[in-house]
1. When you go through (1) in a strand (DSSP E or B); (2) of a type in the set (A, V, I, L, M, F, W, C); (3) over 26 Å from L55 (Cα atoms) one by one for V227, which number turns out not to apply?
2. So which residues in region 255-293 are closer than 18 Å to L41 by Cα and either in the same structural domain as G50 (by TED's automatic domain parsing) or surrounded by 14 or more Cβ atoms within 10 Å (Cβ to Cβ) (or both), if there are any at all?
3. Could you tell me whether L94 is in contact with a strand residue (DSSP E or B) (Cβ under 7 Å, 6 or more places away or on another chain) and either away from the ligand (no atom under 16 Å from the Cβ) or free of Cβ contacts under 8 Å to residues at least 24 places away in the same chain (or both)?
4. Look at I12 and say whether it is away from the ligand (no atom under 16 Å from the Cβ) and in contact with a helix residue (DSSP H, G or I) (Cβ under 7 Å, 6 or more places away or on another chain).
5. Looking only at residues that are aliphatic (A, V, I, L, M) and outside any helix (DSSP H, G or I) in region 35-47, which one is farthest from the ligand (Cβ to nearest atom)?
6. Looking for whichever is modelled with pLDDT under 95 and either away from the ligand (no atom under 16 Å from the Cβ) or surrounded by 24 or more Cβ atoms within 10 Å (Cβ to Cβ) (or both) here; the options are G100, G50, G62. Which one fits?
7. So which of A270, A224 is within 16 Å of the ligand (Cβ to nearest atom) and in contact with a strand residue (DSSP E or B) (Cβ under 9 Å, 6 or more places away or on another chain)?
8. When you go through (1) outside the structural domain of I237 (by TED's automatic domain parsing); (2) surrounded by fewer than 24 Cβ atoms within 10 Å (Cβ to Cβ) one by one for E131, which number turns out not to apply?
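The values are calculated or read from the model by the stated rules, or taken from the named source; none is laboratory data. Since the structure is predicted, the reported quantities are computational estimates derived from the model, not experimental observations. Virtual Cβ from ideal backbone geometry, glycine too; neighbours counted across all protein chains shown.
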Amino acid sequence: MPRTVEWVDGRIRLIDQTALPELRLTDVATVDALIDAIQRLVVRGAPALGAAGALGVALAAGTATGAELAAVAARLAAARPTAVNLAVGVRRALAAAPHGPDAVLDAALAVLAEDAAACRAIGARGAELLEELCGPAPLRVHTHCNAGALACVEWGTALGVVRSLHEAGRVAHVVADETRPLLQGSRITAVELSELGVPYRIVVDGAGPSIIARGLVDAVVVGADRVAANGDIANKIGTYPLALAAARAGIPFVVAAPESTLDPDTLDGAAIEIEERAPDEVLGAGVAPAGSAAWNPAFDVTPSDLVTAVVTEDRVWRP
Ligand code: MRU
């Protein structure tokens, strides 16, 4: 699998995640095309958005400077509101602008390199933590959405933990929620797990909490789009019910995320903007009567008291 986001010959090369499970690469040459790709989820997942955003500023820095570049960067940072990494990546690249376009590109490439290293560290630390919490027997891990290599530059956060466990022979199987409405679980997580040779089962989102309640899962491990200062977590819609069920069942609910997803400027979950997406994504199957309304919040907030730990590249934080 190529890297999710890459800089190739002055363009951004993306794995087109709308085409998965077919592997299709697409090159993006303008900020407008990148914003479109971000909004259509061609590139998605908080760390991958951070990398794409940083490279987007590098694209623009070839032709724009000063206030003009800052305005382009602001548009890019606002392409999707919930994952803080997008704005963080944009900001990091923009900070190098006074030193010229090459410096902007270097700063953007550093975002990619740091994310790749962070994911490996998160994987190793998360695997250790799960052994401490659940013991050494092979684990049944429940995950939601896709927090794998395709949500990052490579390796993954929640699936990075699964990968580290799998390398040690410590994964019995993964339960992957299909993740309505855009099916990141069955289209993307399943692709990654099957490539890695990790046994997995896909379940409908509504099955998750009762599977946990029946004692069929040892731990829930998910990624995050933003972690507020008090430890509240925004992640893909459908994460919160898993956290409730995990608390009730007395199993760990672990969040795996790079430090760049921790947002000290957002005090708590109530202050996190939840992206509202088009009703068509919910109604798309054409099953509901014509004229039906739909509501499509893309993320939910899990309060910190339901979070066993947040594992980053630097620490295990128990909020
Ligand atoms: O709408 P998406 O597919 O961008 O949502 C992605 C998620 O919710 C992921 O769980 C999150 O970004 C963490 S990715 C390491």
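1. (3)
2. Answer for region 255-293, where residues must be closer than 18 Å to L41 by Cα and either in the same structural domain as G50 (by TED's automatic domain parsing) or surrounded by 14 or more Cβ atoms within 10 Å (Cβ to Cβ) (or both): I274, E275, R277, P279, E281, V282, L283.
3. Working: in contact with a strand residue (DSSP E or B) (Cβ under 7 Å, 6 or more places away or on another chain): no; either away from the ligand (no atom under 16 Å from the Cβ) or free of Cβ contacts under 8 Å to residues at least 24 places away in the same chain (or both): yes.
Against the criterion (in contact with a strand residue (DSSP E or B) (Cβ under 7 Å, 6 or more places away or on another chain) and either away from the ligand (no atom under 16 Å from the Cβ) or free of Cβ contacts under 8 Å to residues at least 24 places away in the same chain (or both)), L94 does not qualify.
4. On the way: away from the ligand (no atom under 16 Å from the Cβ): yes; in contact with a helix residue (DSSP H, G or I) (Cβ under 7 Å, 6 or more places away or on another chain): yes.
Yes: the conditions hold for I12.
5. The first filter runs over region 35-47 and keeps only residues aliphatic (A, V, I, L, M), leaving 35, 37-38, 41-43, 46.
Adding the requirement that they be outside any helix (DSSP H, G or I) leaves 41-43.
Values: L41: 6, V42: 11, V43: 9 Å.
So the residue we want is V42.
6. Details: G100 fails: modelled with pLDDT under 95; G50 fails: modelled with pLDDT under 95.
Answer to the check: G62.
7. Just one listed residue meets the conditions, A224.
8. Going through the list (1) outside the structural domain of I237 (by TED's automatic domain parsing); (2) surrounded by fewer than 24 Cβ atoms within 10 Å (Cβ to Cβ), E131 breaks only (1).
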